[in-house]
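For reference, the structure discussed in these notes is given below.
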């Protein structure tokens, strides 16, 4: 996210730091990344780092905030059945390194993202009078956790399926369940 009044140099430096952290998180959790190795990876000195952040965890918190804002926009702007899933798959495919690091680097963020999707969907269903809220909440927890496992596997596999294929697969699993896998 771009703060008001930030000049290009500051934005470039922060971007370099965030990208360096994501590269390091391909091999280790954010809690294991030291400021020294992050500065080395970003090709900056420690004073430059401390001008913007206190710890690598602060950098990750900024990445998380950006990601949640993106997810919120996707859910709010594209609720149409299938469109949200496709938008998410396209976003993940377009920025695999960040999503992979975040997906595996902080299960708390994944929980927050799932909760966000569930809350938005439940609010829509409730407004439309489509389902019992309690049962709807359980159903959404069930399918979103399954879908997140499928997406995590897709990321681990290098996103070999296209976003369209992955979205269609998730939609098929959600709407057809076990029948989608069993031959008739």
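Read the figures in this text as sums done on the coordinates, not as results from a lab. Just so it is clear, the structure is predicted and the values come from calculations on it, not from any experiment.
Express the relative contact order of region 60-180 as a whole percentage, based on alpha carbon pairs under 8 Å and six or more residues apart in sequence. Don't jump to the answer; show the numbers that get you there.
Numbers: 68 pairs, mean separation 39.8, N = 121.
Over region 60-180, the number comes to 33 percent.
Mind listing P(r) for the chain? All alpha-carbon pairs, 10 Å bins, whole percents.
Spelled out per bin, shortest first, that is 9, 32, 31, 19, 8, 2, 0.
Mean residue ellipticity at 222 nm from the helices of the chain, using -39,500 (n - 2.57) per DSSP H segment of n ≥ 4 over the full residue count, to the nearest 500 deg cm²/dmol? Kindly include the intermediate steps, with their values, before the conclusion.
Numbers: 9 runs with 136 residues, N = 184.
Helix contribution divided over all residues of the chain: -24000 deg cm²/dmol.
Is the C-alpha gyration tensor of region 135-174 telling us rounded, prolate or oblate? Criteria: a/c under 1.5 is rounded; beyond that, a/b larger than b/c is prolate, otherwise oblate.
On the way: a/c = 4.39, a/b = 1.91, b/c = 2.30.
Verdict is oblate for region 135-174.
Using Cα pairs closer than 8 Å and at least 6 residues apart in sequence, work out the relative contact order for region 20-94, in percent. Intermediate values should be presented prior to the final figure.
Working: 37 pairs, mean separation 17.4, N = 75.
Contact order relative to length: 23 percent.
Please give the per residue volume of the convex hull enclosing the alpha carbon atoms of region 1-103, rounded to a whole number of Å³. Display every interim value, and only then the final one.
Details: hull volume 10.5 nm³, N = 103.
About 102 Å³ per residue, rounded to a whole number.
Quantify how much of the Cα-Cα distance distribution of region 8-57 extends past 15 Å, in percent.
Details: 417 of 1225 pairs.
Taking all Cα-Cα pairs of region 8-57, the fraction more than 15 Å apart is 34 percent.
In a solvent-free Debye calculation with one equal scatterer on each Cα, what is log10 I(q)/I(0) for region 73-176 at q = 0.24 Å⁻¹, listed in the order of the q values?
After summing over all Cα pairs, the log10 values are -1.51.
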